[in-house]
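Q: Once you've had a glance at the structure underneath, I'll fire off some questions.
Rule-based calculations on the coordinates, nothing more; no lab input. Note that the coordinates shown come from a computational prediction; the quantities given were computed from them, not determined experimentally. With ideal geometry, Cβ positions are generated from the backbone for all residues, glycine too; neighbour counts draw on all protein chains shown.
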Amino acid sequence: MDQIDGELNRRLAVLAQLYIRRRTNPGYPEVSLAEVEERMGFPRDYLEFTMWYLQKKAYIARADNACFTLTAEGVDFVETQRESTPTLNLLLTSGSESSATKPRKAHDAYIPPRKPVIVPPVTAHSTERRINRRDRRTNQKDRRSS
């Protein structure tokens with residue numbers, strides 16, 4: 001992790017995340033440092049030097065909301081180095097695109113996937129059950145059966 005190769009791989013991974021976000025969600029291309037930490041599985045201490053370096057090279061920029069975005073120079077770097085750097089190409093093609101492209105904000109909570117609702121077909125038997133039934137609240141004849 002502390003070797004030169006580890007640092008180069010962290011830079012490539014950050015650039016790949018920001019590139020994917022920029023391409024798939026141009027309306028909200030920002031990625032927070034917390035999101036980068038979560039996706040990469042590195043603590044902030046390991047990412048501070050990486051982010052500083054990428055900012056100084058003008059590959060990424062920090063917005064007013066403290067989130068990072070890929071600059072035009074960063075896009076050029078990713079696109080020119082993609083073919084010659086197998087690690088970068090792998091990061092851009094094998095990652096889970098759904099999680100990388102989904103816009104997230106720091107205040108968003110986890111929302112579980114929706115389960116399909118299965119509605120049984122209406123049959124003669126189900127409509128016959130309502131005939132002569134009374135409304136539980138008013139004790140009057142159920143109006144739905146008319």
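Q: What is the order of R11, R39, fewest Cβ neighbours within 10 Å to most?
A: The fewest-first ordering by Cβ neighbours comes to R39, R11.
Q: What residues qualify as long-range amide H neighbours of I60, i.e. H under 5 Å apart, gap of 5 or more or another chain, H built at 1.01 Å from N?
A: Those lying under 5 Å, H to H, from I60 are Q55, T71.
Q: Return the FRET efficiency for the residue pair A34, E7: r is the Cβ-Cβ distance, R0 is 22 Å, and the value is rounded to the nearest 0.05.
A: Working from the Cβ atoms, E equals 0.60.
Q: Suppose a student asked you for the relative contact order of region 4-101, using Cα pairs under 8 Å spaced at least 6 residues apart; what percent would you report? Spell out each step's value before the answer.
A: On the way: 99 pairs, mean separation 33.1, N = 98.
Reported as a whole number, the value is 34 percent.
Q: Which whole-number percent is the relative contact order of region 1-50 (Cα, under 8 Å, 6+ apart)? Please list the in-between numbers first.
A: Numbers: 23 pairs, mean separation 16.0, N = 50.
Once divided by the residue count of region 1-50, the mean separation gives 32 percent.
Q: So the label point goes 7 Å from the Cα of D64 along Cα→C-beta, right? Which residues of region 13-27 then have their backbone N under 19 Å from it?
A: 27, by backbone N distance to the label point.
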